[in-house]
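Laboratory data are not the source of any read-out in this text; all were calculated from the coordinates shown. What you are looking at is a predicted structure, and each value in this text was computed from that prediction instead of being measured. All Cβ positions, glycine included, derive from the backbone under ideal geometry; neighbour counts span all protein chains shown.
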Amino acid sequence: MRTADANIADRAGRPAVTHISERALKRFAIVIGLMLTAYLVGFVPGWLSANELEARLARSKELNGAHALKADLAAASLHSSQGRFEEAIVAAGSFFDKLDKEIVAGGGILNNEPALGEAAANMLARRDEIVTMLARGDPAASGVLAGWYFELEQVTNGEK
């Protein structure tokens, strides 16, 4: 038992010294550097591609919002020109709601294009007037709505 106790005491009493050579450290640093380089070679192109796709998606969402506005406006103009003023009021209401949300949301195509933002503000200012014209069955509302549609068309097509 004394020998076993002596061996244990010897092991615990000796400091565990490991010596790592400079050559081994250089190899380790080179391996780490190569691994980091390989990671970046794979990561950076994917990251750049993702950023580009994110920008394209944001632009597509902006254009989709503009097209939805134009579709509602065209529907309101068409319905009013055909004398279907109830449907025109519904389409105009949808147009004005979407227009208001686009302006309030910020960052959309209405806020990126000063001309379109100004036109949208002017349209919202005349909302009550247009809805009243449609409620009265005034055929002049069709011309106003069609004019707005072509104004939106010119500004948004200039963006493409």
- Item | Total lysine pairs whose alpha carbons fall under 28 Å of each other in segment 22-157 (8 or more apart, or interchain) | 5
- R136 versus H19, label points 7 Å from Cα toward the beta carbon: distance in nm? 10.3
- Item | Normalised convex hull volume, segment 22-157, alpha-carbon set, Å³ per residue | 119
- Message: So if each residue of separation counts as 0.36 nm, and I subtract the Cα-Cα distance between V44 and Q82, what length gain in nm does that give?
- Response: 8.0 nm
